[in-house]
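Here is the structure we will look at.
The values are calculated or read from the model by the stated rules, or taken from the named source; none is laboratory data. In this text the structure is predicted, and so the values were computed from the model without any measurement. Here the Cβ positions follow ideal geometry from the backbone for every residue, glycine too, while neighbour counts run over all protein chains shown.
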Amino acid sequence: MEKMHDWPIARQNAWGIKIPIWYDVSKPDCFTVWFIDKKGERLYGNLSYFLEKGLSLDEISSGLERIYANGEAHWTLEKEPGKPYLPETDTFDTWFSSGQWATIVFGKPNSADFSYFYPSDSIVIGYDLLRLSVSRKILLSFYLTKRLPFRLVYLHALLKGEDGQKMSKSLGNAVSLEYYLEKFGADVTRMALVSYSLSQEDFYFSEERLQLFLNFTNRLWQLGRFIDSVKKYRISKNAYSDLSSEDESMLLGLNQLIKVTGPSIKKYLFSSAQEKVCSFITQLEKYAESMQSVGDAETSISLLCDMYENYLMILHPFMPFMTEELYGILGKKSLLSSAPWPR
């Protein structure tokens, strides 16, 4: 932030937020205007020339496309009655406009919402926008509130197209999000993107990676169907007896997974946390196949159901939709998204 230079807050665009100032055109020779008259003809020249030709200021204002003012011109934020004015045609720079987002979305600074929600906890954004977007948000928010707009900035790598360049509509190498959602679903797309979050370099979103997570969702669904078919045989929760070494090993493994996943999420280590959680499904599958409790199938079934329920809870941040559906199949009436983190 200490290395920030001044930047022009205006652009000569036909779109954007117009800069809210008005020029006092009492001295029309100070201005050059570009406009479309009521006949649809595009004209430009000194303002005094057109006024002397009999064109009204209203006609010029209604078709105004651009206005240039010399150093002697006067501008104001509020028009005074009885004076002639033309509006500024420049718009705010894109980053100046979007830089206010971190503050103005919460309402007026003295409102209840603003007091509760501002500042935000974090912002997730591509590293290429650190100077253009993040720095502007910090600058403008601090100017307005004397407080930083967020606690943490999470920078991620950029998505590349098949040509190896940054995915961009202007380059024609972009693939729409809808393509992935329709082909692989929201959960798979989400998990595949998360898996790249530790990447130090820009990455290509390969369909092979997406297919891996699609296979994982199929395994999770099949395991859920199996548990749904045997859950009627489970005994009361925590009424386990004669746990085998395999049972205890499974419980220890799940407890350790719960123990490391929560802190990893809090530290924004999403990729490594997701990888550990996804890997654990192999152990659940093997346990479901063997049911190795010592002569006590009911204990194994009860244990598997409880472990699967907890597994869905820690998988939920990475795969919200399917886990919610499977949680309901288990007979739960509440939403998994509101369930407490397993202990």
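Where in the stretch 271-329 are there helices (runs of 4 or more DSSP H), lying fully within it, with 1 or more residues that are among the basic types (Lys, Arg)?
Qualifying helices (runs of 4 or more DSSP H): 281-290.
With in the same structural domain as residue 305 (by TED's automatic domain parsing), loosely packed, with under 11 Cβ neighbours inside 10 Å and not hydroxyl-bearing (Ser, Thr, Tyr) as the only criterion, which of 169, 232 stands out?
One residue alone meets the criteria, 232.
Which pairs have Cβ atoms under 6 Å, sit 6 or more apart or on different chains, and link a residue in the stretch 186-213 that is within 24 Å of residue 127 (Cα to Cα) and part of a loop (DSSP other than H, G, I, E, B) to one that is of a type in the set (A, V, I, L, M) and at pLDDT below 95?
199/157; 202/157; 202/158; 205/159
Going residue by residue through the stretch 107-127, is there one that turns out to be part of a helix (DSSP H, G or I) and within 23 Å of residue 19 (Cβ to Cβ)?
So far as the stretch 107-127 goes, no, none of its residues is part of a helix (DSSP H, G or I) and within 23 Å of residue 19 (Cβ to Cβ).
Only residues that are of a type in the set (S, T, N, Q), modelled with pLDDT of 95 or more and within 45 Å of the chain's Cα centre (by Cα): list them for the stretch 1-54, please.
Selection gives 32 alone.
Name the single residue, out of those in the stretch 86-106 being touching a Gly at 6+ places or on another chain (Cβ under 9 Å) and part of a strand (DSSP E or B), that is nearest to residue 145 (Cα to Cα).
Among residues in the stretch 86-106 that are touching a Gly at 6+ places or on another chain (Cβ under 9 Å) and part of a strand (DSSP E or B), the one nearest to residue 145 (Cα to Cα) is 92.
Based on what the data block shows, is residue 121 within 17 Å of the chain's Cα centre (by Cα), more than 25 Å from residue 265 (Cβ to Cβ) and at pLDDT below 95?
no
Being among the polar types (S, T, N, Q) and more than 30 Å from residue 133 (Cα to Cα) is the filter; apply it to the stretch 1-38 and report the residue that is surrounded by the fewest Cβ atoms within 10 Å (Cβ to Cβ).
Only one residue fits best here, namely 26.
Output the qualifying pairs, or none if there are none: Cβ atoms under 8 angstrom, residues six or more apart or on different chains, first residue in the stretch 129-153 and over 13 Å from residue 101 (Cα atoms), second residue charged (D, E, K, R) and not in a helix (DSSP H, G or I).
Taking only residues 6 or more apart or on different chains, the pairs are 151/121; 152/121.
Table: residues versus (1) surrounded by 12 or more Cβ atoms within 10 Å (Cβ to Cβ); (2) at pLDDT below 90; (3) of a type in the set (Gly, Ala, Ser).
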| residue | (1), (2), (3) |
| --- | --- |
| 175 | yes, yes, no |
| 192 | yes, no, yes |
| 210 | yes, no, no |
| 216 | yes, no, no |
| 224 | yes, no, yes |
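Keeping to the stretch 236-251, report how many residues are over 12 Å from residue 304 (Cβ atoms) and at pLDDT below 75.
Here the count works out to 6.
Given (1) at pLDDT below 85; (2) part of a loop (DSSP other than H, G, I, E, B); (3) at negative phi; (4) not hydroxyl-bearing (Ser, Thr, Tyr), where does residue 164 come up short, assuming only one miss?
It fails just one condition, (3).
Could you check residue 143 against (1) under 16 Å from residue 7 (Cβ atoms); (2) surrounded by 15 or more Cβ atoms within 10 Å (Cβ to Cβ) and say which number it fails?
Checking residue 143 against (1) under 16 Å from residue 7 (Cβ atoms); (2) surrounded by 15 or more Cβ atoms within 10 Å (Cβ to Cβ), the one that fails is (2).
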